[in-house]
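Scroll down for the structure; my scribbles are underneath it.
Any read-out appearing in this document is the output of simple, stated calculations on the displayed coordinates, not a laboratory observation. All figures in this text were calculated on a predicted structure; none of them were measured in a lab. Here the Cβ positions follow ideal geometry from the backbone for every residue, glycine too, while neighbour counts run over all protein chains shown.
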Amino acid sequence: MPEQKPETIEKQALSSDTSVSQAKTGSPMDRAIDRTKDYLLSLQHPDGYWVAELESNATMIAEYVFFMHFMAIWDPERVAKCKVALLKSQQADGGWPLYYGATSDISTTVESYVALRMAGMDPNAPEMVRALKCIFTLGGVRKARVFTKIFLAMLGQSSWDDVPAMPVEIILLPKSFYFNIYEMSSWSRGTVVPLTIVAAHQPIWPLKPHQSPREIFTSADKDLSVQSKTSGWNWPNFFMFTDKVLKFLGKSPIKPFRGWALRRALKWTLDHQEPEGDFAGIQPAMLNSMMAMKLMGYENDDPLMVKGYEAIDRFIIDRGDHLTFQACVSPLWDTSLSCNALMDAGVPGDHPAIVRAGEWMLRKQVTRPGDWMVKNPNTPPGGWAFEFFNEPYPDCDDTAEILMALDRTAIDDTVWKEKEMQRALTWLFSMQSKNGGWAAFDQDNDHALFNEIPFADHGAMLDPPTVDVTGRILWMLGRINHDVNDPMVQSALAFIKSEQEPDGCWFGRWGVNYIYGTWLVLSGLRSIGEDPSQAYIRKAAEWLKEHQNEDGGWGETCRSYELPNLRGKGKSTNSQTAWAVMGLIEADAAESPAARRGTQYLVKHQKEDGSWFENEFTGTGFPVHFYIKYHLYQVFFPLMALARYRNKVK
């Protein structure tokens, strides 16, 4: 079905009969806005949605090569295209980065090197010689992340003994236990449960001799196990000790609960497969679930496996000579933001394109129970997911943005619209955490010790409340005229105030980084009627002004997650400039020279077709470890900023 296959912007940008302007008259800003409206409308799918590429790093391609080998679906043509893709993204030093402009990353480089060897690359080829040198420069295989070591073990290149224990018996722990699976973040849950099945089997799918990358290992890589970074008796070292105990017990031939746990974990995995074949809407969960099913006896021609392969294929963009494998797809996110940007820019709510999008979003509303019900059992399903198919995991951020769009959309069936909006609001209100904030997928998902276990070296086992999601929800509540004196709103306001950084900004969990968080908080504060003359809001506005670049734009490097002294610093980008301009507008600083210069930057950098372009990644998957470039961020956010600025100062 057409709806299921995301395409690139370039393939979608067709002539549109929904053009709203000719972009020939008015000021430079007016013409820029009109060009972008026409451009964005031209990208809409006939079914009503928008979706563009969600770009990440080379591990997506490398792991797909591994997956084809593991699952005995080796496709020489696809492997060749994966090889081209990996070589295209190799850096001058021979390695592969986590995001554009970053230094090479050891795990990404090791996985890319291994995939290239599997794809037939000669280790003496110049690209491979440079890559190998980069691996050694970055500290060798022993410095790679746990997931990379798991892949090496499955390929027979290292020992399963080097991998932290992942007992499948965790599925049997009661929900009252601190470490039960429902205290993990939703993405960790969907990834880890099937991975425990894989770890229980400890499979080895060996490589042929000519594919084996033995040259990446040195004498220093004899022990690849996770090592303690501290001395003394503390939580990390306690979990290191526990890991050793679990490994010892795991070697016993007597495992009284193993069979029961495997059956429970398999049932959980199958119960979380969408009718369309997807698992949790993300690449790691998709691949791990399919491997778990294979190890539990499912053949490739089983109907559930066939649907799983079809779902994986929908994540792939075939560009002729190479493949791109997306970590996820973002149609509901792209659609709601596109609608709000277009309506900010003057496209009426009854425009056919907006109505089609609104009706499509209403049809995609979650109607089935999901994991969120474990902590929230008395609320009926509502909200929206991020992807085409991911009903177990609706998220609060998407739901708030969609509600803002639907509230402005003139759908003929008003009863249907109002009923579904109320259902979503009921669900969203019920998802507030005890501290007043909202997380993306869960309530009170804040058991910090999860991030101390040896397996969790990616630091993303939790989904605690964040100010960026909370700010968007307050923004939505103000837009729909919700009572700002509601204790729920006041609790969220208190949470946001408590999270402000000493220099005035706010952290951004889902976008890079403090510019993103500050914009969304300021938007939420203004929407619920907070006086922008208050000292804490003025401090945030001054922080934005102080971090404007000389060219008039704003930018922030992904490294600000590792080094807070880099917050608000980086090469100017169009999306981050738009966030900063909108933040200033909401802080009652639209008339400031900084806001004016920001809009001038955007107008100056617009392309003739009405779009913008940036190489930089401004979306965040997991801070420090995984970043995303949403290919529409560079389009709808500048449109929003210019339109809102024009609406404010005209």
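Laid out as a table, the results:
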read-out: Cα-only Debye scattering, the range 459-530: base-10 log of I(q)/I(0) at q = 0.12, 0.16, 0.22, 0.27 Å⁻¹; value: -0.29, -0.51, -0.90, -1.22
read-out: Dipole magnitude (debye, nearest 20) for the range 462-553, charges at Cβ of Lys, Arg, Asp, Glu; value: 200
read-out: Inter-centroid distance (Cα atoms) of the range 592-650 relative to the range 108-141, Å; value: 36
read-out: Packing-based exposure ordering (other Cβ within 10 Å, fewest first) of Arg35, Arg597; value: Arg597, Arg35
read-out: Descending Cα extents along the principal axes, the range 116-207, whole Å; value: 55, 25, 21
read-out: Gain upon complete extension [Asp321, Gln534; 0.36 nm per residue less C-alpha separation]; value: 71.1 nm
read-out: Per-residue HN-Hα couplings for the range 366-375 [Karplus 6.51, -1.76, 1.60; θ = phi - 60°; Hz; x = Gly/Pro]; value: 5, 10, 10, x, x, 4, 4, 6, 4, 9
read-out: Net lengthening on full extension, Asp551/Ile480 (0.36 nm per residue, minus Cα-Cα); value: 21.9 nm
read-out: Shape call, the range 607-650: gyration tensor on alpha carbons, a/c limit 1.5; value: oblate
read-out: FRET efficiency for Ala80 and Asn124, using Cβ-Cβ distance with R0 set to 25 Å, rounded to 0.05; value: 0.80
read-out: Computed lengthening from Asp446 to Phe179, 0.36 nm per intervening residue step minus Cα-Cα distance; value: 95.0 nm
read-out: FRET efficiency estimate (nearest 0.05) - Cβ-Cβ, Lys571 to Val649, R0 30 angstrom; value: 0.65
read-out: Asp395 long-range amide H proximity, modeled H, under 5 Å; value: Trp384, Ala385, Phe386
read-out: Most positive-pole-ward Cα, Ser112, Gln422, Ser89, against dipole of the chain from beta carbon charges; value: Ser112
read-out: Dipole magnitude of the chain about its Cα centre (Cβ charges: Lys, Arg +1; Asp, Glu -1), debye to nearest 20; value: 1140
read-out: Distance in nm between pseudo-label sites at Asp503 and Gln202 (7 Å out along the Cβ direction from Cα); value: 4.9
read-out: Interchain or long-range residues, amide H under 5 Å from Thr466's placed H; value: Trp438, Ala439
read-out: Amide H within-cut-off set for Arg319, under 5 Å, with H built and near neighbours excluded; value: Thr324
read-out: Normalised contact order of the chain, rounded percent, pairs of Cα under 8 Å and 6 or more residues apart; value: 15
read-out: For the chain, calculated [θ]222 nm from helices alone, where every DSSP H run of n ≥ 4 adds -39500 (n - 2.57); value: -14500 deg cm²/dmol
read-out: Sorted by Cβ density within 10 Å, fewest first, the residues Ser219, Ser430; value: Ser219, Ser430
read-out: The range 27-103 - charge dipole about Cα centre, Lys and Arg +1 at Cβ, Asp and Glu -1, debye rounded to 20; value: 160
read-out: Using θ = phi - 60° and Karplus 6.51 cos²θ - 1.76 cosθ + 1.60, couplings along the range 356-365 (whole Hz; Gly, Pro as x); value: 4, 5, x, 5, 4, 5, 4, 5, 8, 4
read-out: The range 40-142: trypsin sites (Lys or Arg not before Pro) in DSSP coil with no more than 12 other Cβ atoms inside 10 Å; value: none
read-out: Cα gyration tensor, the range 312-453 - rounded (a/c under 1.5), prolate or oblate; value: oblate
read-out: Cα long-axis angle, helix 126-137 against the chain (0 to 90 degrees, to the nearest 10); value: 90
read-out: Unit charges at the beta carbon, dipole of the chain: most positive-side option, Trp519, Leu449, Leu132; value: Leu132
read-out: Relative contact order of the range 596-650, pairs being alpha-carbon contacts under 8 Å that are 6 or more residues apart, as %; value: 30
read-out: Order of Phe70, Phe429, Phe617, Phe179 - criterion: other Cβ atoms within 10 Å of each residue's Cβ, fewest first; value: Phe179, Phe429, Phe70, Phe617
read-out: Virtual spin-label span in nm between Leu563 and Thr367, 7 Å along Cα→Cβ; value: 5.2
read-out: Gyration tensor over alpha-carbon atoms, the range 446-581, equivalent ellipsoid semi-axes in Å; value: 24, 23, 12
read-out: Cα centroid separation, the range 382-413 to the range 490-517 (Å); value: 24
read-out: Candidate values (1) 36.1, 120; (2) 24.6, 79; (3) 26.9, 88, label of the one derived for Rg and Dmax of the Cα atoms in Å; value: (2)
